[in-house]
1. Taking only Cα atoms and a 10 Å spring cutoff, compute GNM fluctuations for the chain and point out the largest among ALA40, ALA255, ALA281.
2. Can you tell me the Rg and the Dmax, both Å, for the Cα atoms in the range 6-103?
3. Using 0.36 nm times the number of residues separating ASP97 and GLU184, minus their current alpha carbon distance, what extension gain do you get?
4. Pick out, in residue order, every one of the chymotrypsin sites (Phe, Trp or Tyr not before Pro) in the range 2-39 that is DSSP loop and has at most 15 other C-beta atoms within 10 Å; say none if there are none.
5. Collect residues whose amide H, placed 1.01 Å from N in the peptide plane, falls under 5 Å from the amide H of GLY233; neighbours closer than 5 in sequence don't count.
6. Which far-off residues, 5 or more places away or on another chain, put their amide H under 5 Å from the one on GLY284, with H placed in the peptide plane?
7. Run the dipole for the chain about the Cα centre, Lys and Arg Cβ at +1, Asp and Glu Cβ at -1, nothing else charged, and hand back the magnitude in debye, nearest 20.
8. Based on the Cβ-Cβ distance of SER311 and VAL136, what FRET efficiency does E = 1/(1 + (r/R0)^6) give at R0 = 22 Å, to the nearest 0.05?
Amino acid sequence: MQVFDSRIYEIVEKAMEGNGLTEQETLELYSVPETSKEAAYIRWAGQELSMQATDGIAEIHAQIGLNATTCPKDCIFCSFARVNDVRKGVYEVPKEDVLEYAKLYVEEGANLILMLTTASYKFDKLEDMVGSVREVIPADMPLLVNTEDMTLERAKRLKAAGAQGAYHAIRMREGVDTTIPVEERLKTFGYMREAGLKLSTCVEPVGPEHTPEELTEATFRCINSKPMTSGVGRRIAVPGTKIADRGMLTDVANANMVAIYRLATGLDYKLNCSANTAMTAASGANLAWAEVGTNPRDTVERTEHGGRGASLEQQRKMFQAGGWQVRQGPSLGWFD
Ligand code: SF4
């Protein structure tokens, strides 16, 4: 019988103190074979630590995709990317539908609302949409955007319009599998901080080709950006995209990474994404996303109509299966 690797045991025991890990220790965890007994131990530990971090309470954040207009940034994993030729021309969700989505999400118990756009969505429209959605949701409901890199002026305008933060990420192989320089992303992080917008981020989109070294670098880039929420998200092989034939992580590999992210970062932050399967929700992921409207991981016009967008109810059931309760009311800590 194969002997349990005592070095991995030591690293995980250290992580269980909740103070995080070094880059070297994190690299060693990312190097553990996917289906080993050590990996099972890592997943157990990730779940234990995440449960401690939030007293067993998970959250569901709700995304409204505002448009599917082809995007010139050409991230080859994204169905909106012009280069992929999956989407055609201009498509925007009408404002009345966006407001309806937002009101419904509040009624159904979302903990946070986020609006997503491609880089071809006009900034003035997004600013107006933030202000209009802010008027129909409770004052204590966090409202985020996920949009292109921004200037300081734009970050301040979004804040003034009623946003509390933004989802923003340095993608895996940014600048190689996308046309966006990492420096642009880092500048946006800085402008967001200066404008008072809080950060939701992630190590994503991860595929089978990414090495333990790349995962470790991305993990520490996230940790050092001091986000409100972070974790690891796998890439969806969207049919028709130039990257689809690179394949997808297994649920097991994705769950290992989610657990390692938690162990690497410790108890300092609360919400660990992405709970996209029952297995990740049983391995330390305590943040899931519900999705309506357009979706870069989908090819249909509205992801809730025959696409992959999950409802709040589906995500709630997934968390129950992992032993979580789900927060009632708005996510905490987003308002100054
Ligand atoms: S990921 Fe965002 S920036 Fe990249 S192509 Fe898709 S919409 Fe554009």
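1. So, out of ALA40, ALA255, ALA281, the one fluctuating most is ALA40.
2. Cα only, the range 6-103: 21.3, 58 Å (Rg, Dmax).
3. 28.1 nm
4. Within the range 2-39, the qualifying chymotrypsin sites (Phe, Trp or Tyr not before Pro) (loop, at most 15 other Cβ atoms within 10 Å) are PHE4.
5. Distant-sequence amide H within range of GLY233: VAL203, GLU204, VAL206.
6. GLN47
7. My answer is approximately 460 debye.
8. Efficiency at R0 = 22 Å is approximately 0.65.
The values are calculated or read from the model by the stated rules, or taken from the named source; none is laboratory data. Everything numeric in this text was worked out from a predicted model, so none of it was measured. Note: ideal-geometry Cβ built from the backbone for every residue, glycine included; neighbour counts use all protein chains shown. Accessible surface is based on the protein model in full, side chains and every heavy atom, while ligands, DNA and RNA are left aside. Shrake-Rupley method; radii C 1.70, N 1.55, O 1.52, S 1.80 Å.
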